[in-house]
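Here's the structure, in structure tokens; my notes come after.
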Amino acid sequence: MYMNTGDQDLAKSAARGDAASFQALLERHYDTIYAVAFRYSGLREDAEDIAQEVCTSLVTKLHSYRGQSQFKTWLYRITVNAARDLHRKKAASGKLHQAYAELSDLAREEATESAGDIAWLYQSLDRLAESLRETAILVLAEGMNHKQAAEILDVKESTISWRMHELKNQLKAFATEEAQA
Amino acid sequence: MTEELERAKRAFAAQEPIRPKGDARRAAIAAAMTRFEQEEKGAAQGNSVRERLMESGGSVLAAFKRRRIMNIALPKRSHMLAGGVSLAALAFVAFNIGILQGPYRFSDPGVTPVANKPAKDDAATSLVDAVSGQSADIATEVSKLVQPEAAPAENEALQSAPARLTLQESVGARPKFKAESRIAPAQGVLAGRARESDGLAGVAPGDDRTQHIYQDQGRDKFVDITPNPVKLVSEAPVSTFSVDVDTASYAFVRSELNRGVLPQKDAVRVEEMINYFDYSYDVPADRAVPFNAELSIMPTPWNTETKLLRIGIKGYDLPKAEAPNANLVFLIDTSGSMNAPDKLPLLRNAFKLLVSGLKPDDTVAIVAYAGSAGTVLEPTRISEKAKILAALDQLSSGGSTAGAEGIRQAYQLAESVFDKDGVNRVILATDGDFNVGITDTEELKSFVERKRETGISLSVLGFGQGNYNDELMQTLAQNGNGNAAYIDTLNEARKTLVAEAGSTLFTIAKDVKLQLEFNPETVKEYRLIGYETRQLNREDFNNDKVDAGDIGAGHSVTALYELTPAGSGGGLVDDLRYKKTENTAPAELRNEYGFLKIRYKQPDSDTSELIEVPITTDAEVAEISQASKDTRFAASVAAFGQVLRGGRYTGAYSYDDIVALAQSGKGDDPYGYRGEFITLVQLANSGQALEPLKK
């Protein structure tokens, strides 16, 4: 029954206490949350943790959603923050895996045409600074424009542009290294 | 889009679709639904969020009283909306941020109407940024800083109707807030005094002191200091230490006292307090011998039995035209903990001041670090000042602190435009709270040490209170051949970065060590006041490999020794019954108290040079009143520092005595620094019944 109801309306009625609306929202967006979390963390278990954390936190956070930004943008923002938090916790406790490196190795073993590219991508992501990685995920993988990415990461549009520029340079450098190796 | 980005994009797309496992999905949704139902149940029982908002909105003052409860949520804006914080608390936070942060971000009256528009937070933020971007003029910035204007917050919670209403009321009630917000951080202590000091601020340099929002307290980290003990000349005739030109301790003590609390003892480094002030010692004529040593001896103000030896060193002052080009990298902490009016906004203005004082050919680069580090501005000439100022305006805070990564990047940038004839310096601005990456002090220290060899030095500007990591800052600055300053007000920024830019930036002598040998004929005991963290071994003096403090252009360094003359009854150590007294000093040296040796290296040299000066009775005066004003003032600062540290050697010497002595040595005081010191002593006097903040 909620298939055609917009995110904004669902969010509003969920905030007013409608459980069915809340559930519909979760069903609709869980996969996106998970995908972003997975790209961010590179680990299935972590992505699941992050996604669950985001879902439960929505209960209280929905009250502060006032429809100024697109619901999806707002949700991305929460997801990115949750992913960052977990990342930091792991980094602080010294448990940060070389998740990307593992993914890269996995991809390399596959015989598909794009395997080499994927392996290279993960290797590169692993070496990028957090801010660049976030930007890359949002802009390149999720297909956001700079304005949306800026809104999600709480930075200026120009910063995203700068980061993309920086990203390009760094990827280029990695590619050169790869070619020389 | 370029080739590399296309490739990355293709690779992302080629990933097999990322699909969650069905059971994880179900579990997550089920957990969220359970939580949802619990919340709703609570709401049905009357804990409705909106009702709570109304209630609290009734009295903003009530919100202030309860501020302590939510300070946990304040430092990190991004976490304010985190799950654990109830919405009622959110409303409080909104008030705090709105009113207290307002003056710094929303000070232009033209922006105020935003309060009534339910604009989304990002729009509001960018509007403000646009406003501050237009006013690159620092003077305007300064006037904004001191002109409080209650204004809206960026918190979404504010946009609910009751909250908005209250905010409008608050605009009307502004003057009341001003007083209230000053008092609250001091936890009510010294409330009257704090207000009085506001009145005095009209003449004191603390004028543009920032208002404080409630923040972390008592988490400032300092190295433990044990005051130098009294030493017997017969047992240890030689005293060796490194110069220290840092002034951070004084500014920190000042900001604590201005908040109405006595600083913790280890925050008080007496030598840094003494060296905060400029003394009119003779300036050397040329660079060949880059400094003069000036000596004076007078009776100790706090002990009639002893004498106070003052050693004053003034560095050669570089005329601005002769100043080498500067290649500076600002390394700026933009982590969540910097999100306070006395941190990032102050820092921005401080750097603007510094930039305004540089030459067109100097270059500046900016690296910002929070969760990760990034180059905000590539090395840019001062001639493109607008670009630099715009980059500074863009800085915003949030996230944890990957300080080590930032340091690494900053050095890289400095190396990229290394100027072998110029000054190459990284200026780190932070509250010292590194919590991501290398957080080990030792590791950071050795990194900075290695980089020192390449000719790039590190200066540290400390900001903020409550979470200030002084220990780390000192370590970094001391090992990076730099200096550490603590910036608590814009005026302090002006002093450090503009008035004393020469001494902050241009080193004229490095590894400056002092060694005194006392004459047992004339001196029985001695005690070095301060410099506890700068002690060197006797043999280190002649070892050029041992690092010591640097002196910048125009820097003055003052060291005080308390001496107990031989034969005086005022000694603390009794004579030995079985000791054989030997007379070793030749008769012609009997008018000497001791012998001062100074070792230093020219900035570009690795071998040290030596200056030797005998300390003779010629420099002695019989009465305190005969001593120079500078000497008297330095003594009063030393007394104050020691009393703040517990007054182990100062006997019954009181704050009133200190004020009287400082008054007598105040002199011209063109910038009001000394006048401000006197105000501080008075503040401490009324606060002495208070316990210092416990850790």
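The values are calculated or read from the model by the stated rules, or taken from the named source; none is laboratory data. What you see is a predicted model, and the numbers here were worked out from it, not measured in a lab. Positions of Cβ are generated from backbone atoms using ideal geometry, with glycine treated the same way; all protein chains shown enter the neighbour counts.
Is it the case that segment B:311-320 has a residue that's part of a helix (DSSP H, G or I) and more than 30 Å from B:Asp618 (Cα to Cα)?
There is at least one residue in segment B:311-320 that is part of a helix (DSSP H, G or I) and more than 30 Å from B:Asp618 (Cα to Cα).
Criterion first (crowded, with 18+ Cβ neighbours inside 10 Å, modelled with pLDDT under 90 and in contact with a Leu (Cβ under 9 Å, 6 or more places away or on another chain)) does B:Gly552 satisfy it?
Judged against the criteria, B:Gly552 is a match.
For segment B:231-238, indicate whether the set of residues that are at pLDDT 50 or above, assigned to a loop (DSSP other than H, G, I, E, B) and in contact with a Gly (Cβ under 9 Å, 6 or more places away or on another chain) is non-empty.
The initial filter retains those residues of segment B:231-238 that are at pLDDT 50 or above, namely B:231-238.
Subset that is assigned to a loop (DSSP other than H, G, I, E, B): B:233-237.
Adding the requirement that they be in contact with a Gly (Cβ under 9 Å, 6 or more places away or on another chain) leaves B:233, B:237.
Yes, the conditions are met somewhere in segment B:231-238.
Scan segment B:322-363 for residues that are in a loop (DSSP other than H, G, I, E, B), closer than 17 Å to B:Ala499 by Cα and among the small types (Gly, Ala, Ser) and jot them down.
If the condition is that a residue be in a loop (DSSP other than H, G, I, E, B), closer than 17 Å to B:Ala499 by Cα and among the small types (Gly, Ala, Ser), then B:Ala323, B:Gly357 are the ones that fit.
Can you name the strands (runs of 3 or more DSSP E) wholly within segment B:439-558 that have at least 2 residues being touching a Gly at 6+ places or on another chain (Cβ under 9 Å) and not aliphatic (A, V, I, L, M)? If you could, list the steps in order and put the result at the bottom.
Numbers: elements: B:457-463, B:484-487, B:507-518, B:523-529, B:549-552.
So the answer is B:457-463, B:507-518, B:523-529, B:549-552.
Go through segment A:171-181 and give me each residue that's surrounded by fewer than 17 Cβ atoms within 10 Å (Cβ to Cβ) and either more than 7 Å from chain B (Cβ to nearest Cβ) or touching a residue at least 40 places away in the same chain (Cβ under 8 Å) (or both). Can you show your working first?
Quick first cut of segment A:171-181, residues surrounded by fewer than 17 Cβ atoms within 10 Å (Cβ to Cβ) only: A:172-173, A:175-181.
Passing the criteria: A:Ala173, A:Ala175, A:Thr176, A:Glu177, A:Glu178, A:Ala179, A:Gln180, A:Ala181.
What helices (runs of 4 or more DSSP H) lie completely within segment B:593-687 and have 1 or more residues being surrounded by fewer than 22 Cβ atoms within 10 Å (Cβ to Cβ) and small (Gly, Ala, Ser)?
Passing ranges, in order: B:655-664, B:673-687.
In segment A:36-76, how many are among the basic types (Lys, Arg), outside any loop (DSSP other than H, G, I, E, B) and within 9 Å of another protein chain (Cβ to nearest Cβ)? Show your work before the answer.
If we filter segment A:36-76 for residues that are among the basic types (Lys, Arg), which is where we start, we get A:39, A:44, A:61, A:66, A:72.
Remaining after also requiring outside any loop (DSSP other than H, G, I, E, B): A:39, A:44, A:61, A:72.
Checking the rest, the ones that are also within 9 Å of another protein chain (Cβ to nearest Cβ) come to A:39, A:44, A:61.
The qualifying residues number 3.
Within the set of pairs 6 or more residues apart or between chains, which connect a residue that is within 7 Å of another protein chain (Cβ to nearest Cβ) inside segment B:1-13 to a residue that is part of a loop (DSSP other than H, G, I, E, B) with Cβ atoms less than 9 Å apart?
Note: pairs meeting the criteria are B:Lys9/A:Gly143; B:Lys9/B:Met1; B:Arg10/A:Ser114; B:Ala11/A:Ser114; B:Phe12/A:Glu142.
On the basis of being of a type outside the set (S, T, N, Q) and either at the interface with chain B (Cβ under 8 Å from one of its Cβ atoms) or crowded, with 21+ Cβ neighbours inside 10 Å (or both), does A:Leu25 make the cut? Don't jump to the end; show me each part of the working.
On the way: of a type outside the set (S, T, N, Q): yes; either at the interface with chain B (Cβ under 8 Å from one of its Cβ atoms) or crowded, with 21+ Cβ neighbours inside 10 Å (or both): yes.
Answer is yes for this residue.
Identify all residues within segment B:447-476 that are among the small types (Gly, Ala, Ser), crowded, with 24+ Cβ neighbours inside 10 Å and farther than 15 Å from B:Phe330 by Cβ; write none if there are none.
B:Gly464
Hey, B:Val367 hits all of (1) surrounded by 23 or more Cβ atoms within 10 Å (Cβ to Cβ); (2) out of contact with any helix residue (DSSP H, G or I) (no Cβ under 6 Å at 6 or more places or on another chain) but one; which does it fall short on?
(2)
Out of the residues in segment A:132-164 meeting the condition of being among the hydroxyl-bearing types (Ser, Thr, Tyr) and either assigned by TED's automatic domain parsing to the domain that holds A:Tyr40 or under 18 Å from B:Lys9 (Cβ atoms) (or both), tell me which one is surrounded by the fewest Cβ atoms within 10 Å (Cβ to Cβ).
Taking segment A:132-164 first, the residues among the hydroxyl-bearing types (Ser, Thr, Tyr) are A:135, A:158-159, A:161.
Filter once more, so that each one left must be either assigned by TED's automatic domain parsing to the domain that holds A:Tyr40 or under 18 Å from B:Lys9 (Cβ atoms) (or both): A:135, A:161.
Working: A:Thr135: 27, A:Ser161: 14.
Only one residue fits best here, namely A:Ser161.
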